[in-house]
Amino acid sequence: MTDELQQAALNYHRHPKPGKLAIEATKPMTTQRDLALAYSPGVAAACAEIVADPAAAASLTSRANMVGVVTNGTAVLGLGNIGPLAAKPVMEGKAVLFKKFADIDVFDLELNETDPDRFIEAVAAMEPTFGGINLEDIKAPDCFYIERHLRERMRIPVFHDDQHGTAIIVAAAVLNGLRVVGKTLSEVRLVTSGAGAAALACVDLLVKMGLPKANLILTDIAGVVYRGRAEEMDDFKAEFAADTAACGLGEVIDGADVFLGLSAPDVLKPEMVARMAAKPLIMALANPVPEIMPDAVEAVRDDAVIATGRTDYPNQVNNVVVFPFIFRGALDVGATAINEEMKIAAVHAIADLATQESSEIVAKAYGGAAIAFGPEYIIPKPFDPRLIIEIAPAVALAAMASGVATRPIADLDAYRADLEAFVFRSGQVMRPVFQRAKQDPKRLVYAEGEDERVLRAAQAVVDEGLARPILIGRPDVVAHRIDKLGLRLRVGENCDLTNPLLDERYPRYWQRYHSLMARRGVTPARAREIVRTRPTTIAALMVEMGEAEAGICGTVGRYLDHFSEVRDVIGLAAGAHDFSAVTLMLLQGGVFFLADTHVTYEPTADDLAEMAMLAAREVRRFGIQPKIAMVSHSNFGSTDHPSAQKMRAATAILRDLAPDLEVEGEMHGDMAFDALARAEAFPESRLAGNANLLIMPNLDTANITMNLLKSVGNGLPVGPMLIGGAKPLHVLNQSVTARGILNMSAVAVVDAQDGLRGRPAT
């Protein structure tokens, strides 16, 4: 560790508050009634319910989502026996990973106890507190003894991550490494360097998955683990002892297909690597210095697949890919144990995920480079958001099938959707839109079909069955980027391509564009130039001419430039007088919609009323009943500034046009979300509860509010959704993510399903 990194780590742990954990209440505590419900006398009701039915603790307490991370600090990775107090930063870090990656709450427990039996008694006594126990950094062989006895005594999952977390990720890496080199587990010969807790757990799991015991040789500090050896032996090693007279690693490495290192630096020499079988898999996992450095392998072999435990080389084998998600699945079904079936299910889920194309989030986290399954990518990256979505359901299903689930999940699809909502904050609110889109998919054109975000989104659109993507772009560029990203898009099979440089429809397109723009100074020559060079115009023409039902543009360039092209071609819907844009904001405390965030600088009262009606229709598409607040600096007539008068008039117009809409104004922004204060200030209010659609007096207020909430309030925008157009073609911001494009693709399809784009009936 460099001096700079060491100092940065110390500052990280000290500031702004010492440590990495805090306790946060999940229920309000602001009134006397809150106190009465949380504590005396109300808490007695929850206690009595649990007395009557102990299983009720899962729904009345945090136990079902609580893991104890327990250590005595006798074998801290890279540091050795440093004791429980010095191990606390490691355990706090583990707790943070549980919360960050799987939303699991943790108490870290550092026990000042080295006697295994007393340690067991202490942990077993805490079973009422936890839904699961994660044992950590306990020396071998004590860790084997402790885990076995705790598993026998406790009716909750007990998981020693150093053993089984390592085993799962190693097994997944071995499976995929063998996939890459064209070998199978049943035929390879594997040699280890290391025979401690982790190594033994690894080989045990691999044997259960099909590795023949006869094809396995363990080595450790005392040499080959052979039958009859007395030095540094125990019952756990003896189970895998080989019938051989060989003494050391150098004698058994010849012809090995797989090297598994969980030992010490530099024990595997280049000359040993040279004697391994063709296309060897070398897993040098000692940290921070592996058994052999990757460049040393590459100096003698050009056919090896290499994995380490380091972040600065490809194929990092890291337990964080395992433990949050196997516990997530186990906790969610109330598993009484984490058994072999669940571990193997996790192995296959991890291995299979790596064979899929990588996500945009992963690419960003790792420098923007495209990542595809192959020699340098055999294990998913820790920041892949799909880990929880793939591993947790696989583990839950295995728990149910093997009979250890006490709370089986009836609807696994709904469970996956809930996990997606945790990973992708927009998941829950977008669910009804996705469901509707799948019922009647449409042709959806993407103006920037060469953009990597668009391609990732198009792949997700195909996988979700939302639409038939049409990509506008140069065929060679699109094909190269699809291949680079490892996507499964195939032009002509699951998507289509429009080449702006060479398309048989080009004459029809420019002629149609000229007919729309001839009286606005656009000559035939200019029309041909525009249609050849502006993908947004092409997309708009395709939608306008019925060759696509909806479209997406705006991922590259200025919003207003794209909007002007859309406006010129698509035109206004019947009965609509202007375009506007509504944006969905997802915040920690809930969701609401803002308008107009992008289009109309100074809307009139009539414009605002129409905007509110069209925006209300968009809100309903999300399965939400619109509650509209006409927002102003004035509060129910407190000022007569022209802006306040405009919002007051817009409210009145809207009530006349759409008497069934729940709308109130003009009001302060805080009043929109405080029903009690609103009732005091204006008892006659026609708005019940909190507003979910805020109509702002002008573009400045809406756009500034949106961006402040996004930056300061950690808000996640969905949109903007362009409303008022004759047909659905949405203009996005250039900062949009692939997930944002996917969300808006679903919105566009539902827009197309609804057909009529004019002023809605109320």
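The values are calculated or read from the model by the stated rules, or taken from the named source; none is laboratory data. Source: prediction; values computed, not measured. For neighbour counting, all protein chains shown are included, and Cβ atoms are generated from backbone atoms with ideal geometry for every residue, glycine included.
Residues that are surrounded by 13 or more Cβ atoms within 10 Å (Cβ to Cβ) and among the hydroxyl-bearing types (S, T, Y): find the helices (runs of 4 or more DSSP H) completely inside the range 21-60 holding 2 or more of those.
Details: elements: 32-38, 43-52, 57-60.
Fully inside the range 21-60 and qualifying: nothing.
Just to be sure I understand the filter: pairs with C-beta atoms under 9 Å, separated by 6 or more residues or on different chains, first member in the range 313-336 and within 21 Å of A58 (Cα to Cα), second member among the acidic types (D, E) and in a loop (DSSP other than H, G, I, E, B). Which pairs pass?
These pairs meet every condition: P324/D103; R328/D103.
Among the residues of the range 532-554, is any assigned by TED's automatic domain parsing to the domain that holds V462, closer than 27 Å to L694 by Cβ, within 28 Å of the chain's Cα centre (by Cα) and not in a strand (DSSP E or B)?
Yes, because at least one residue in the range 532-554 is assigned by TED's automatic domain parsing to the domain that holds V462, closer than 27 Å to L694 by Cβ, within 28 Å of the chain's Cα centre (by Cα) and not in a strand (DSSP E or B).
Can you give me the number of residues within the range 421-451 that are basic (K, R) and either without any contact (Cβ under 8 Å) to a residue 12 or more places away in the chain or in contact with a Leu (Cβ under 7 Å, 6 or more places away or on another chain) (or both)?
Qualifying residue count, the range 421-451: 2.
Every residue, every condition in (1) without any contact (Cβ under 8 Å) to a residue 40 or more places away in the chain; (2) hydrophobic (A, V, I, L, M, F, W, C); (3) at positive phi, yes or no:
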position: M29; (1), (2), (3): yes, yes, no
position: A36; (1), (2), (3): yes, yes, no
position: G42; (1), (2), (3): yes, no, no
position: L77; (1), (2), (3): no, yes, no
position: P84; (1), (2), (3): yes, no, no
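Under the condition of being part of a loop (DSSP other than H, G, I, E, B) and in contact with a Phe, Trp or Tyr (Cβ under 8 Å, 6 or more places away or on another chain), which residue from the range 196-233 is nearest to I253 (Cα to Cα)? Give the derivation first.
Pass one, the range 196-233, residues part of a loop (DSSP other than H, G, I, E, B): 196, 209-212, 218, 221-222, 225, 227-233.
Still in the running and in contact with a Phe, Trp or Tyr (Cβ under 8 Å, 6 or more places away or on another chain): 218, 225.
Details: L218: 11, V225: 14 Å.
The extreme case among them is L218.
Residue by residue, here is whether (1) in contact with a Pro (Cβ under 8 Å, 6 or more places away or on another chain); (2) farther than 26 Å from P54 by Cβ; (3) crowded, with 20+ Cβ neighbours inside 10 Å holds:
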position	(1), (2), (3)
S402	no, no, no
A405	no, no, yes
P408	no, no, no
D411	no, no, no
D451	no, yes, yes
A467	yes, yes, yes
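Restricting attention to helices (runs of 4 or more DSSP H) lying wholly within the range 586-687, give those where 2 or more residues are closer than 25 Å to M430 by Cβ, in contact (Cβ under 8 Å) with a residue 40 or more places away in the chain and not β-branched (V, I, T).
605-621
Which of the residues that make up the range 361-390 are modelled with pLDDT of 90 or more and in a helix (DSSP H, G or I)?
L387, I388, I389, E390
Which of the residues that make up the range 505-519 are in contact (Cβ under 8 Å) with a residue 40 or more places away in the chain and part of a helix (DSSP H, G or I)? Spell out how you get there, then give the answer.
Applying the first criterion (in contact (Cβ under 8 Å) with a residue 40 or more places away in the chain) to the range 505-519 yields 505, 513, 516-517.
Listed by number, the residues that qualify are Y513, L516, M517.
Test A576 against the stated conditions and say whether it is touching a strand residue (DSSP E or B) at 6+ places or on another chain (Cβ under 9 Å), surrounded by 24 or more Cβ atoms within 10 Å (Cβ to Cβ), touching a residue at least 12 places away in the same chain (Cβ under 8 Å) and assigned to a loop (DSSP other than H, G, I, E, B). If you could, list the steps in order and put the result at the bottom.
Working: touching a strand residue (DSSP E or B) at 6+ places or on another chain (Cβ under 9 Å): yes; surrounded by 24 or more Cβ atoms within 10 Å (Cβ to Cβ): no; touching a residue at least 12 places away in the same chain (Cβ under 8 Å): yes; assigned to a loop (DSSP other than H, G, I, E, B): yes.
The answer is no for A576.
Looking only at the range 595-628, filter to residues that are more than 17 Å from I704 (Cβ to Cβ) and small (G, A, S); which one of those is surrounded by the fewest Cβ atoms within 10 Å (Cβ to Cβ)?
Top of the filtered list is G623.
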